[in-house]
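To start, the structure itself, in structure tokens.
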Amino acid sequence: MSGFSQKQKAELRRFPGSMVVVVVVGTNNNSRQGGSCTPQRGGGSGGGVISGGSMSTLSREENNMVVMSSEESSSFPDESELELGLGLSLGGGKAKNKPAAAAAAGGGSWDQYARILTAKDFPSVVSAKASSSSSSSSSVTKASNNGTCGTKRTAEPPSSPPGRSAVSQVVGWPPIRTYRMNSLANHAKSPVTEDFFSTADKCESKNIIVDKTNHGSNANNNVAKEKGRLKTSLFVKVNMDGIPIGRKVDLNAHSCYKTLAHALDDMFRPSAAVGAKRSNVEEQVLIAATRQPLRLLDGSSDFVLTYEDKEGDWMLVGDVPWEMFLNSVRRLRIMRTADVNGLGTHERNRKQSTGPI
Amino acid sequence: MDPDPKKSKVLTSNLPNSNGSSHPHSPFPDEVLEKVLSLIDSHKDRNSVSLVCKDWYNAERWTRSNLFIGNCYSVSPEIVARRFTKIKSVTLKGKPRFSDFNMLPRDWGANVHSWMVTFAKAYPFLEELRLKRMRVSDQSMELLAKSFPHFRALSLSSCDGFTDDGLKAITTHCGNLTELDIQDSVTADIGGGWLSCFPENFSSLEILNFSSLSSEVSFEALERLVSRCRSLRVLKVNDIITLDQLQRLLVHAPLLTELGTGSFLQELTPRQYEDIESAFGNCKNLRVLSGLWDATSFYIPVLYGACSGLTFLNMSDTVLQSGELAKLLAHCPNLRRLWVTDSVGDKGLEAVGSSCPLLEELRVFPADPYDLDHRHGVTELGFLAVSRGCRKLRYVLYFCRRMTNAAVVTIVQNCPDFTHFRLCIMNPRQPDYLTNEPMDEAFGAVAKTCTKLQRLSVSGLLTDTTFEYIGKYAKNLETLSVAFAGSSDRGMQCVLEGCPKLRKLEIRDCPFGNAALLSGLKKYEMMRSLWMSACNLTMKGCRLLAREMPRLNVEVIKDEGSDEIQADKVYVYRSVAGPRQDAPPIVLTL
């Protein structure tokens, strides 16, 4: 599981408001971010992310957010599904413009998983702070711009939300080591249970099995399932710029670039999946690229689909015949069109990255 | 174990005559005393020995060869180097445990470099270094590799800060290396070139663990390494290594006692399947098995041949179903320790109860920690089933989504020998799901019944009553972890007043305030550390503590933008080294 590349780090610095991962109420001092934060693994708040454009629409003053990088692709499939590409959310999610300050103070409903909140969500930041000193065990969302991971949400949700628990709101809870979280995220659940396939909302059943880089003749293969059906899969990692959580896609489930692009589109666009509720405000701030199809292949969108081949070079998807592509692809990346010009050089730098920020 | 009382009596009777610096009246020449003391290994005993008198203090410090420092900031490298001269092995622990859960800023500290510099000068004969929760830079590793010609063993647990370059220095230069053990590494993808840097004639390795590093390594280099290190007994590879690669490694090292497999994700030909099966079958000495990523019911049976001698099975990296676990356990009659994920369900735990009568330790991790769905995971029923069948249970770590007081009471009646009881009901402040009452009685029963209890983690809805019980009954308690619990300061006070052996207390999100903090004024010097976050502490209270107790370091991690009053995260520890100099700006030492 790789940490942020140099390139990604550079991007984070360039888009201070964009790579938000953590709920924060902080000062305007967004100058230092990224570098020193440890990931919000336990809180599950590593999920909420917005791609580049969305946050830039907010002014600095409004956007009282402290940016922190997260350790990207190691969240849970469930969570990432719900959070990818989503814009700002309000803690409540039910009411449209419901200020999450209420939620932060323990009032709102937390039927969301980790979301990005902005200062808008905490109109009464000051009063929230004042009340926190007397409240007995709720923690007001705070964070440091030096990358403390002290971000907390209220520890006292009023009711357990359906589908997603309040557990995911709290940093460092449940107390599971980072290493184990990473391991869990990278090695998805076993495919061989009826239970698994029968639960419709377990979309990650599609994302089962981890890909492997090849040593020798080893293809990435799935194994015989209990039902006796032998299916060969070719799972590769997919990362999208601006989204710290990676996904995996089975290339053998597609026969051409078009269906692949479509699948990626579904994956990385916000969908009406499990329990996801968004408010109007969210809708407004979602960038065009995420509301509409990514149109990854036709060069007309803000994003472009690239892949790393066997030699370690990053290439544009779509140039070679599909079978040849399957033979040489190691992993995919949905890049911003703006960054494509640096395709060769930046990726060289990327490989020299030495772990997370 | 105290030194022989007779001996000490003879010595102390001489004390009034000697002025402490020389001891001509002592019946024991220095050499004899030192010889005797050199046989004492336990650092706790040695600490006791050093308190007897000055002569013993000196004799002890000249003979100590294993150094254990539980909190790297409790003492300085200079002080250590002055006191001990013959150190061969060092164990050093850094960050507070809550750093495992991302509650500390990344640059908080615990950098090993200043220690490394001092050791390089003071202990040229250093052989072993074991670090936990410390930051280890490449620079430190390079210094290590070049400063200690006799260096043999490096163990890094939950450490970060190093990359491939640092490890390369180790593998290139440490020609006598017997152990390279990297566990729970926080930064996983650092590069894998280090493995290829062992010299071709290098063959002393006995322990190699890189299971938590996810980078690719050269399989060819690994295979060559394994085949020439004839003493290799512990091999834990990462998930890049495939099943048939593993088979080739096992062929070279059938005498392994501990094996961490790679990934099981591979489609094997029948021939390959047979090969791996027989390779496992040849591992007659296997006691510990782990890794097993992506193991599925089709491939798990290849392990069966290696399981008869297994004492520790770690399946916490694989998502197993109850039936698969049951079948596997049938082949493991000697299991003492078992780690699984809660995908095995209560049914899987029933199988544990019926198949593992010798079980002493059980850890059940959540496969999906954020899923509130009670259909998945384990409940009180699974725990009960285990307790009925595994009466020797003494260590449990159990993540669940529901629990009852009655169940826990029964569990500890079945298994009164618990030394470590860590129960995590994952939804904060969740009551007994049947009675809707707090879980006070559950933990009260644990404290009362388990007289040997050393470590306790509590969860669920808890009032001060729980802590009254703990303070009253848990007389051997050394480590207590509390989250989202308690009703008032009284809770914490009960614990501080009642638990004489308390060494580590970590608290988060509890309504304990300054009064509670200050009630432990005298106690903190007898403890290793106290952590309190998201409680009701204020800067004023922390300052007061710092002022009253100058030998405690009181550190507050402030959240930027929070007011001047709240003390968000407080870390208190005893130290003879004074306030630390390397704290980042965000950490205030009061």
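Every number here is computed from the coordinates shown, using simple stated rules; none is lab data. What you see is a predicted model, and the numbers here were worked out from it, not measured in a lab. Note that each Cβ is placed from the backbone with ideal geometry, even for glycine, and that neighbours are counted across all protein chains shown.
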Completion exercise
With label points set 7 Å from each Cα along the Cα-to-Cβ direction at B:SER65 and A:GLU323, the distance between them in nm comes to 6.7
Practice task
Report, for chain B, the % of DSSP beta bridges that are antiparallel, rounded to 5.
Solution key: 15
Completion exercise
Given 4 °C, 1.567 mPa s and a Kirkwood radius over Cα pairs, the Stokes-Einstein diffusion coefficient of the stretch B:327-461 in µm²/s is 89
Problem - Evaluated over the stretch B:52-143, the Cα radius of gyration and Dmax, each in Å - result: 14.3, 45
Problem - Highest average packing first - B:124-136, B:484-496, Cβ atoms within 10 Å - result: B:484-496, B:124-136
Fill in the blank from the handout: Two pseudo-spin positions, 7 Å from Cα along C-beta at B:ALA406 and at B:ASN334, lie apart in nanometres by 4.1
Handout entry: Loop-located GluC sites (Glu not before Pro) in the stretch B:179-223 whose Cβ has at most 12 other Cβ within 10 Å (DSSP)
Key = B:GLU200
Handout entry: Square roots of 5 times each gyration tensor eigenvalue, C-alpha, the stretch B:256-310, largest first, Å
Key = 18, 13, 9
Practice task
Just list whichever of B:LYS93/B:LYS504; B:LYS347/B:LYS448; B:LYS475/B:LYS569 have alpha carbons separated by over 22 Å in the model shown.
Solution key: B:LYS347/B:LYS448; B:LYS475/B:LYS569
Handout entry: Rg(Cα) / (2.2 N^0.38 Å) computed for the stretch B:29-68, rounded to two decimals
Key = 0.99
Handout entry: Neighbour-limited loop hits for trypsin sites (Lys or Arg not before Pro), the stretch B:443-474 (at most 14 other Cβ within 10 Å; DSSP other than H, G, I, E, B)
Key = B:LYS452
Exercise for the section: Using a 10 Å cut-off on Cβ to Cβ distances, tally the other chain neighbours for every residue of B:241-248 and report the average as a whole number. Expected result: 2
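Over all residues in B:358-370, what is the mean tally of Cβ atoms on other chains that come within 10 Å of each residue's Cβ?
That average works out to 4.
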Problem - Inter-site label distance for B:ARG224 and B:LYS284 at 7 Å from Cα along Cβ, in nm - result: 3.2
Practice task
At 0.36 nm per residue, minus the direct Cα-Cα distance, what do B:VAL576 and B:GLU548 gain on full extension? Give it in nm, one decimal, please.
Solution key: 8.5 nm
Practice task
Taking the Cα atoms of the stretch B:420-513, report the difference between the largest and smallest coordinate on each principal axis, in whole Å and largest first.
Solution key: 33, 29, 18
Handout entry: Percent of alpha-carbon pairs separated by more than 17 Å within the stretch B:58-111
Key = 45
Completion exercise
Expected unfolding gain across B:ASP30-B:LYS522 under the 0.36 nm per residue rule, minus the alpha-carbon gap, is 173.4 nm
Practice task
Would you kindly state how much longer the chain becomes between A:ASN252 and A:LYS310 on full extension, computed as 0.36 nm times their sequence separation minus their alpha carbon distance, in nm to one decimal?
Solution key: 19.1 nm
Fill in the blank from the handout: Taking every alpha carbon pair in the stretch B:305-405 and sorting the distances into 10 angstrom bins from 0 up to the bin holding the longest one, the percent per bin comes out as 17, 55, 24, 3, 0
Exercise for the section: Take the eigenvalues of the Cα gyration tensor for the stretch B:338-379, scale each by 5, and report the square roots as semi-axes in whole Å, largest first. Expected result: 21, 11, 6
Exercise for the section: Evaluate the charge dipole of the stretch B:42-83 about its Cα centre and quote only its size in Debye, nearest 20, assuming +1 on the Cβ of each Lys and Arg and -1 on the Cβ of each Asp and Glu. Expected result: 20
Handout entry: Percent of C-alpha pairs per 5 Å bin, the stretch B:478-590, short to long
Key = 2, 12, 25, 27, 20, 10, 3, 0
Practice task
Can you work out the PRE-style zone for B:ASP417? Point 7 Å along Cα to Cβ, and I want the residues of the stretch B:364-400 with backbone N under 12 Å.
Solution key: B:390-395
Fill in the blank from the handout: Here chain B gives, from Cα atoms, an Rg and Dmax in Å of 25.8, 83
Fill in the blank from the handout: What the Cα atoms of the stretch B:346-416 span along the principal axes, largest first and in whole Å, is 32, 23, 18
Practice task
For peptide B:301-313, compute the average count of partner chain beta-carbon atoms within 10 Å of each residue's beta-carbon.
Solution key: 0
Completion exercise
Counting only residues 5 or more apart in sequence or on a different chain, those whose built amide H sits under 5 Å from that of B:GLY260 are B:LEU235, B:LYS236, B:VAL237, B:SER290
Exercise for the section: Would you kindly calculate the mean projected area, averaged across all directions, of the convex hull enclosing the Cα atoms of the stretch B:187-341, in square nanometres? Expected result: 8.6
